[in-house]
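The values are calculated or read from the model by the stated rules, or taken from the named source; none is laboratory data. Just so we're clear, the structure is a prediction, and the values are computed from it rather than from any experiment. Cβ placement follows ideal geometry from the backbone for every residue including glycine, while neighbour counts extend to all protein chains displayed. Calculation scope for accessible area: heavy atoms of the full protein, side chains included, ligands and nucleic acids excluded. Shrake-Rupley method; radii C 1.70, N 1.55, O 1.52, S 1.80 Å.
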Amino acid sequence: MQVLGKNLIGFTESSEGTVGIQAINPASGEPIGPLFFKATPSELDLAIHKANTAFAVYRKKSGVEKATFLEAIALEIEALGDTLTERYIAESGLPLGRAQGERGRTCGQLRLFAGLLKEGSWVNAIIDTAQPDRQPLPKVDLRAMELPLGPVGIFGASNFPLAFSVAGGDTVSAMAAGCPVVFKGHPSHLGTSELVGRAILAAAQKTGMPDGVFSLVFDDTIEIGQALVKHPLIKAIGFTGSLRGGKSLFDAAASRPEPIPVYAEMGSTNPVFILPKTLKEKGDTLAQAYMNSVTMGVGQFCTNPGLLVIEKDDAFVEKLESVSAESNGGVMLNKGIQSVYHKGIEEFEKYAKVISFGKKPEGFTSALPVIFKADYQTFKDSEILKEEVFGPSSLVVEASSREEIMEVARNLSGHLTATVFGSPEELADYTDLLELLEQKVGRLIINGFPTGVEVTHAMVHGGPYPATTDSRSTSVGTMSITRFTRPVCYQDMPDTLLPVELQNENSLGIWRKVNGEMGK
């Protein structure tokens, strides 16, 4: 399969625009062909209208039919072989192992959602049967389930060219719910996006999905993105990126005549707390493991541990200085991310002490690791030190007492994760810390660093603002499907006209709550 530099408007290729953009190799700084023409407003409008037309058909597809579609996408992506991984590496600067791992994760989550659809109970079918003889008034028959919202706009993330991109978690959960997707590709990985977009459309045609079930448009400015959010036919938005970007989309969606939900995953420093006894006993091991987590993927994971909270321990800081000085930097995903990283480091240097800089590699967008430290009072007084610096850096906050540790936790904003290292006895003594943290994050981790997000039914990749714009949802795992649905109730609907999931027979054999009791 060739990369042609086209917008994919349903089953049709399009390049009406006159402004060209190219991906840049972050290792060499060289442009990567071909030239992509930025989507025009008319191309975007056509994609959205196609999605709206497709919705009338796609929303009625059975769980098995949609599952077959998702499984076919996984097969088409795998069939791209080296063409996909080579393009991925060229556009991201990431190694082959990361490309292969991310492809596996992408296909794995497609198949995970396919399994969810085949089983079918995710629709949350609830049936309260009529009681015509109830006094003083009869009780009507009421049945409810989740139904898809409509066409959805999704934005590609910079840091995961596959797993949070064209066929990533947002797209998969939306299409699993029954929503057509109009996807805005990230300008850092244009070719990777086109290849995966073509794989989705090939799968759609092979499985009989309607034209418009998926479209892919490109732009390197905010114009098309804002137009996508504001289009009256779009019913929800999925986004992974910066706080500034996510908040701007949220504000645009809220200002529409018909406001729509925006599920934006944004900034998080993912605080790590190491309790005193564990720090003394395992400090050397934890210092190395911490640096491994900070520098994983050149620090470009949304779960990168940007904040470490300890009671002051000079021996641990000395060990951390040693291992951080030996840590390797790497090539960042694009020049913009590198620039923001450097600015963040410069700001931190005004308030915090540098423990150590790591080793800087060669490369157009290279970055070196850096670890800072500050005492509790300095951290408390500085809003800058509470902000995320996206990249291989982290801040150690040295508290002088248990109460200062607790104060750090009390004053945290929302985050994706928080981690606590401690023995069973220490954890029992710090239950008040755990109870505080569970109010601040979407995932609370014990004795493990946060980098790495399993794609499972139970995963929550979300958290209170500013980690996300809606703490009630997740962008990873099968629970994310309900971001793109709404509950609909049917009163006294004839059985034959009800969705099959709510009919008396339960021919699908799904779990349902009938008169308050779960059963099949």
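Among the residues of the range 382-424, those that are touching a residue at least 40 places away in the same chain (Cβ under 8 Å) and surrounded by fewer than 16 Cβ atoms within 10 Å (Cβ to Cβ) comprise SER400, SER401, ARG402, SER413, SER423. Scanning the range 473-508 for residues that are part of a loop (DSSP other than H, G, I, E, B), without any contact (Cβ under 8 Å) to a residue 40 or more places away in the chain, in contact with a helix residue (DSSP H, G or I) (Cβ under 9 Å, 6 or more places away or on another chain) and open to solvent by 30 Å² or more (accessible area, probe 1.4 Å) gives GLN503, ASN504, GLU505, SER507. Scoring VAL229 on the criteria (1) closer than 19 Å to ALA74 by Cα; (2) part of a helix (DSSP H, G or I); (3) out of contact with any Lys or Arg (no Cβ under 6 Å at 6 or more places or on another chain); (4) open to solvent by less than 10 Å² (accessible area, probe 1.4 Å) leaves a single failure, condition (1). Pairs are defined by a Cβ separation below 9 Å, a sequence spacing of at least 6 or placement on different chains, a first member in the range 349-362 that is touching a residue at least 60 places away in the same chain (Cβ under 8 Å), and a second member that is among the hydrophobic types (A, V, I, L, M, F, W, C) and part of a loop (DSSP other than H, G, I, E, B); the pairs so defined are GLY358/LEU368. Listed by first and then second residue, the pairs with beta-carbon distance under 8 Å, at least 6 apart or on different chains, first residue in the range 283-309 and free of Cβ contacts under 8 Å to residues at least 40 places away in the same chain and more than 17 Å from ALA418 (Cβ to Cβ), second crowded, with 21+ Cβ neighbours inside 10 Å and of a type in the set (Phe, Trp, Tyr), are GLY283/PHE316; ALA287/PHE316.
Here is the figure for the range 61-84: residues that are more than 18 Å from ILE200 (Cβ to Cβ) and either in contact (Cβ under 8 Å) with a residue 24 or more places away in the chain or of a type in the set (Ser, Thr, Tyr) (or both) total 3.
Once the range 438-459 is narrowed to residues that are out of contact with any helix residue (DSSP H, G or I) (no Cβ under 6 Å at 6 or more places or on another chain) and outside any loop (DSSP other than H, G, I, E, B), the residue that is most open to solvent (accessible area, probe 1.4 Å) is ILE446. Within the range 138-162, the set of residues being open to solvent by 20 Å² or more (accessible area, probe 1.4 Å), aliphatic (A, V, I, L, M) and touching a Ser or Thr at 6+ places or on another chain (Cβ under 9 Å) comprises LEU142, LEU147, LEU149.
Does ILE355 meet the test of being part of a strand (DSSP E or B) and surrounded by fewer than 20 Cβ atoms within 10 Å (Cβ to Cβ)? So ILE355 fits the description; yes.
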